1. Sort 82-95, 171-184 by the packing proxy (mean of other Cβ within 10 Å over each peptide's residues), most packed first.
2. Take the alpha-carbon positions of region 195-286, form their convex hull, and give its projected area averaged over all directions (one quarter of the hull surface) in nm².
3. Computed FRET efficiency, Cβ-Cβ of Leu120 and Ala66, R0 41 Å: what is it to the nearest 0.05?
4. With labels modelled as points extended 7 Å from the Cα through the Cβ direction, what inter-label distance (nm, one decimal) is found for Asp202 paired with Asp38?
5. Using a ≥ b ≥ c from the Cα gyration tensor of region 34-150 (square roots of the eigenvalues), is it rounded, prolate or oblate, where a/c under 1.5 gives rounded and otherwise the larger of a/b and b/c decides, a/b for prolate?
6. Could you tell me how many degrees, from 0 to 90 and to the nearest 10, lie between the Cα long axis of helix 212-231 and the main elongation axis, the longest principal axis, of the Cα atoms of the chain?
7. Please compute the modelled spin-label separation between Glu142 and Glu173, points set 7 Å along Cα→Cβ, answer in nm with one decimal.
8. Tell me, what HN-Hα J-couplings in whole Hz come from the Karplus equation 6.51 cos²θ - 1.76 cosθ + 1.60 at θ = phi - 60° for each residue of region 272-279, using x for Gly and Pro?
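Read-outs: derived from the displayed coordinates by stated rules, not from any lab. These numbers come from a predicted model, not from an experiment. Backbone-built Cβ (ideal geometry, glycine too); neighbour counts: all protein chains shown.
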Amino acid sequence: MLLSRVALAAFLALGQPVLAETPAVDPAADSAAEVSVDRVAEVMRLGDLFEVLREEGVAHGAELQADMFPSGGGADWTADVSDIYDADRLQTAFLEALRARMSDQPENMEAIIAFFGSDLGQRIVALEIDARRAFIDTATEEAARVAADDANAAKDPKVALIRQMIEAGDLLEMNVAGALSGSLAFMTGMSESGAYGAIPQDQLLSDVWGQEEQVRTDTSTWLYAYLGLAYHPLTEAELKSYIAFWESPAGQALNAGLFGAFDTVFRQVSLDLGRAAGRAMQGRDI
């Protein structure tokens, strides 16, 4: 579950890539797409988001060290984690993946930029990033989980709206798929390092699928806690407007593009982290 927490985006999350062939585009169209994606990154404050993801990654690296090699991973482990979660490199790779998925959708790109560039869109982005950063603190996350349970018990109308948002983006299923994908990549990296010897791929798959039920439960709890904290300041009308955007063609296109791009980037992150963890456990370079 720690892996999926690191991979989740501010509103969206890691998911399976969109297996669609990217059409060829002429240089002028490709340049226009690059400008559009850069503008999307600007209005969605992806630079700030990736800085938070780096903070999460570094904290996750410390948790892995405590759990897997408590005697210490040394300077090499710290350096590996820092390099793996380099915010600029991850954002560059993410934008390249997003550009490949959305280069032929100028109308959707315009609608995306219009929404997130609006006053409401900017408020929402700020709330999402602030909540994401707040969740780095374990006590804050636990308090948000309690608050989400209380809101559900009290039949707070916003709980139903958050449920609608989760369904609009297929967030639960995409999170579960992403968490399992990340877990498989991490374990594959560990296996490649030789830390546990060669592990058959079918055993890795079996071990990963054995986590599905627990991952689904943890992911659902996380989503309601995080979204509940992020959107608490919004009115019901504002939250409904946001849901309407995600249910629109532009929102669905962005949803698919972001899920696919994050999967591309963070599957590699998980693989690299598994390899580094394997080396640290053995106390030597492979």
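1. Working: 82-95: 16.6, 171-184: 23.0.
So the peptides 82-95, 171-184, ranked by packing, come out 171-184, 82-95.
2. On the way: hull surface 35.8 nm².
If you wrap the Cα atoms of region 195-286 in a convex hull and average its projections, you get 9.0 nm².
3. Working: r = 41 Å, r/R0 = 1.00.
The value I calculate is 0.50.
4. 5.1 nm
5. Values: a/c = 3.31, a/b = 1.47, b/c = 2.25.
Taking the square roots of the gyration eigenvalues as a ≥ b ≥ c, region 34-150 is oblate.
6. Approximately 40 degrees, to the nearest 10.
7. 3.5 nm
8. Values per residue, Gly and Pro as x: 5, 5, x, 4, 5, 5, x, 5 Hz.
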